[in-house]
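The values are calculated or read from the model by the stated rules, or taken from the named source; none is laboratory data. No experiment lies behind these values; they were computed from the predicted model shown. Using ideal geometry, Cβ is built from the backbone for each residue, glycine included, and neighbour counts are taken over all protein chains shown. For the accessible areas, the whole protein counts, side chains as well, though only heavy atoms, and no ligand, DNA or RNA atoms are used. Shrake-Rupley method; radii C 1.70, N 1.55, O 1.52, S 1.80 Å.
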Amino acid sequence: MAGVESPSLAMLAGLLRSEEPEAPEFFDQVLEELGLLFRPPADPRAAKWAMAYWIAGQIADGSLDPAAGTHLIRADIAYDLGYPEELEPLVQCAHNLDVWEESWGVSVEELNGEAVEAAKQFLSKRSAAEAGDSTEVRSRHRDWSTAG
């Protein structure tokens, strides 16, 4: 990861042997500063969904190769969640990228583009659902406050 800068990275690299016990804390700080730290929810199922959104975000913003990201979603997340419908486009992209052949008449770049689009669609559905949830909560709050 040449060219990566983080205030804590230099401190981590400069630790003396006697300061090794401080390394895990600095390492977490470096991950946080680089946007690479993932803290999953305690519930295993919720953690898998959170990981799917995190990986999709990295695919969408270009920080993770689409083939690698969709493979992680297919192999490590979708499988454990029973292949839910919401992940189907990303799983399909992973499959296409894994078995692609030049004879298909479509380039790997196009398949990568489809994977990025699938990740963006997946993320947008979450954003829409969250926006709907907050509207519903406000609506219920309004109904409750006028009910008395």
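Charges were assigned to the Cβ only: +1 to each Lys and Arg, -1 to each Asp and Glu. The resulting dipole of the range 18-98 about its Cα centre is roughly 440 debye. One chain, two ends: residue 110 and residue 95. Fully extended at 0.36 nm per residue, the span grows by 4.0 nm beyond their Cα-Cα distance. A full extension of the chain between residue 121 and residue 23 corresponds to an added length of 31.5 nm, given 0.36 nm per residue minus the alpha carbon distance.
Sparsely packed loop sites in the range 1-100 (the GluC sites (Glu not before Pro) outside DSSP H, G, I, E and B with at most 13 other Cβ atoms within 10 Å) comprise 5.
Which net charge results for the neighbourhood of residue 86, defined as the other residues with beta-carbon distances under 11 angstrom from its beta-carbon, given Lys and Arg at +1 and Asp and Glu at -1? Please report the intermediate quantities before stating the final value.
Numbers: positive: 125, 126; negative: 85, 88.
Charge balance in the 11 Å sphere: 0.
Only protein heavy atoms count here; on that basis, with a 1.4 Å probe, residue 123 has an accessible area of about 40 Å².
For the range 45-92, the set of chymotrypsin sites (Phe, Trp or Tyr not before Pro) satisfying both a DSSP loop assignment and a count of at most 16 other C-beta atoms within 10 Å is given as 79.
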